[in-house]
Amino acid sequence: MKVFLLHRDQDFQVKPELRDAIFDAMHSSNPFAVENVRRNQEREREKNPGLSARKPTADEALSQDLELHTLWNAMGGGDPYLYETAKRVTLSSLRDPESIVYRQRVLADCLERPDTVRELYGLALEALEAERKVGGFWGGAGPDLILSRSVKMLQEHVEVLKRLRKLADEHADDFRSEGFRRFFGMLQEELADDYLQTVDHHLRELEFKRGLLESAELAKGFKGHRYTVRTQRQLSWKERYLPGKRPPGYSFTIPPRDENGFRALGEIRGRGLNHVANAVAQSADHVKSFFSMLRLELAFYLGCLNLRERLDEKGEPSCFPTPLPADKDAFGCQGLYDVCLTFHLDGRVVGNDVAADGKSLVMITGANQGGKSTFLRSVGLAQLMMQAGMFVGADDFRANVCAGIFSHYKREEDESMDGGKLDEELARMSVIADQITPRSLLLCNESFASTNEREGSEIARQVVRAMLEKRIKVFFVTHMYDLAHGFHAQHRPAALFLRAERQPDGGRTFRMVEAEPLPTSFGKDSFRRIFGEAAAAATAAASS
């Protein structure tokens, strides 16, 4: 049985660099496994501070720059498993518009039928709890114990499968997505009543309440081989109770104190049970893996439900975006906002309307505190959420899928830096250059502003040109007028210039409008903010 709720034709495959001890723990039936691994990793970092001083990977840099931990916390709702699932699914981006739409439709069903989805998730958890109820193995467990435990596991799982089938019968018609309809259809077809009755019968037989019947052959040296467990014929009541009616056979009795005899009999029993125990154990593992994958894939959708509930509480809009092929430079949005920022504010976040179809370079300039960095984050979040098959924070959003999403934000100087801030910026850009591929998205926020404007502009200019030549889309927030004006003066048809809107009195609307870069940094705004309106007016009067 396969789940196929995250992908049309395969189980969820995490990006290789995201497969670690935590991801492996996610497949454990222990509900505390993920949290235990995280705590162990934190202890290791405390013992060895050098572990946390290493250079962050592209995913870690993106997580920091876009404040993705806020997003994952909202999706997790305090559950470490949901948090880790949200992290791995969002960072393992889809690159095919059809695959994204497939997942969007499954999510749409989840949003319409949240109670049923939560019930499905609860059944998966209940099935995985069976391992803890039945108990684990210790070293050297023999075939008897392996078989007994596996049978008990399957019995617990079968009871949950019956309830899963019942739920499918009751709610299959309520779901419209290809993923859910196929999932429920699979449950109804493969868990038919006669099949479940056959499984129950075999599990009862595997308890061997009427004893164990084995056959064997004699090999050289009168040693037994080819031990095989046989199905026992059901004796009639005459054969069981009437004298002389029992089929003829030979028997022997082991004295109660004959330890060697019991040991030899146990070895014979174990040889016969070995193949049976292995087969039943594999069956139990197969059913367990089904429930593990069901839990994993549903966990992502539960995280989306948690996020949607949080956004609804804030009155924030959301929509399913339109993913377009990678070979088209497409970007358009209405009311696009920073999903993470809204969880830090009491009110709602200002959204932006941008039309950037056919644009491979979007340069954002304007006054400080005008919302430029917030807008850049909203772009990265929307792209990432779209390629995870999620809804996005906007009234409407469309964009081409990207081969990868990379970010290069300015960093505050800290003790872990080996050189100056410019050296550190160049080193991070070098890492990005080694990993980025055509049709990727690069988000730059005040990159190379740590040096003087002339040098910083020239470095940034060469980087942007190289990226554009490799067909990489670039969103660049900058205060460097030389950089922005230089590109604007080229009148590139594939370039769009946005500016943080500023009202005549210096007020910020936090909206991006299409406008050319300005040579001013609005120092009067800073003076007014620090010394007040009266001082600003007096200074203006004195200078006139």
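The values are calculated or read from the model by the stated rules, or taken from the named source; none is laboratory data. Note that the structure is a prediction, hence the values are computed from the model and not measured. Because the Cβ atoms are built from the backbone with ideal geometry, glycine has one as well, and the counts that use them run over all protein chains shown.
Couple of notes before you dig in:
- Residues in region 385-403 that are within 16 Å of Glu98 (Cβ to Cβ), among the aliphatic types (A, V, I, L, M) and in contact with a Lys or Arg (Cβ under 7 Å, 6 or more places away or on another chain): Val401 only.
- Among (1) acidic (Asp, Glu); (2) assigned to a strand (DSSP E or B); (3) touching a helix residue (DSSP H, G or I) at 6+ places or on another chain (Cβ under 9 Å), the one test that Glu501 misses: (3)
- Every condition in (1) of a type in the set (A, V, I, L, M); (2) under 24 Å from Asp96 (Cα atoms); (3) crowded, with 23+ Cβ neighbours inside 10 Å is met by Leu305 except one, and the failing one is (3).
- Selection count where residues are assigned to a loop (DSSP other than H, G, I, E, B), in contact (Cβ under 8 Å) with a residue 24 or more places away in the chain and more than 16 Å from Lys288 (Cα to Cα), scope region 13-29: 3
- Scanning region 465-486 for residues being touching a Leu at 6+ places or on another chain (Cβ under 7 Å) and either part of a helix (DSSP H, G or I) or among the β-branched types (Val, Ile, Thr) (or both) gives a total of 5.
- In the set (1) surrounded by fewer than 22 Cβ atoms within 10 Å (Cβ to Cβ); (2) part of a helix (DSSP H, G or I), the condition left unmet by Val117 is number (1).
- Against the criterion of being more than 18 Å from the chain's Cα centre (by Cα), under 19 Å from Tyr102 (Cβ atoms) and in contact (Cβ under 8 Å) with a residue 60 or more places away in the chain, Arg310 does not qualify.
- Unique residue being modelled with pLDDT of 95 or more and of a type in the set (A, V, I, L, M, F, W, C) when the list is Val276, Val287, Val349, Val339: Val339
- In region 478-507, the residue that is nearest to His408 (Cα to Cα) out of those that are of a type in the set (D, E, K, R) and free of Cβ contacts under 8 Å to residues at least 40 places away in the same chain is Asp482.
- Residues that are over 18 Å from Ser283 (Cα atoms) and of a type in the set (Lys, Arg) within region 157-196 comprise Arg163, Arg165, Lys166, Arg176, Arg181, Arg182, listed in sequence order.
- Unique residue being out of contact with any Pro (no Cβ under 6 Å at 6 or more places or on another chain) and within 27 Å of Gln13 (Cβ to Cβ) when the list is Leu311, Leu345, Leu381, Leu336: Leu381
- Evaluation of Asp423 against (1) part of a helix (DSSP H, G or I); (2) at pLDDT 95 or above; (3) not basic (Lys, Arg) (one fails), failing number: (2)
- Scope region 288-331; condition in contact with a Phe, Trp or Tyr (Cβ under 9 Å, 6 or more places away or on another chain), more than 18 Å from Asp396 (Cβ to Cβ) and small (Gly, Ala, Ser); matching residues: Ala299, Gly303
- Scan of region 343-354 for residues that are among the small types (Gly, Ala, Ser) and in contact (Cβ under 8 Å) with a residue 24 or more places away in the chain, ordered by number: Gly351
- Pairs with Cβ under 6 Å, 6+ apart, first in region 508-529 and within 22 Å of Leu496 (Cβ to Cβ) and surrounded by fewer than 15 Cβ atoms within 10 Å (Cβ to Cβ), second modelled with pLDDT of 85 or more and of a type in the set (Ser, Thr, Tyr): Pro519/Tyr481
- Here Arg176 does not fit the description of being assigned to a helix (DSSP H, G or I) and within 23 Å of His7 (Cβ to Cβ).
- Those residues of region 48-66 which are at pLDDT 75 or above and either assigned to a helix (DSSP H, G or I) or exposed (fewer than 14 other Cβ atoms within 10 Å of the Cβ) (or both), in sequence order: Thr57, Ala58, Asp59, Glu60, Ala61, Leu62, Ser63, Gln64, Asp65
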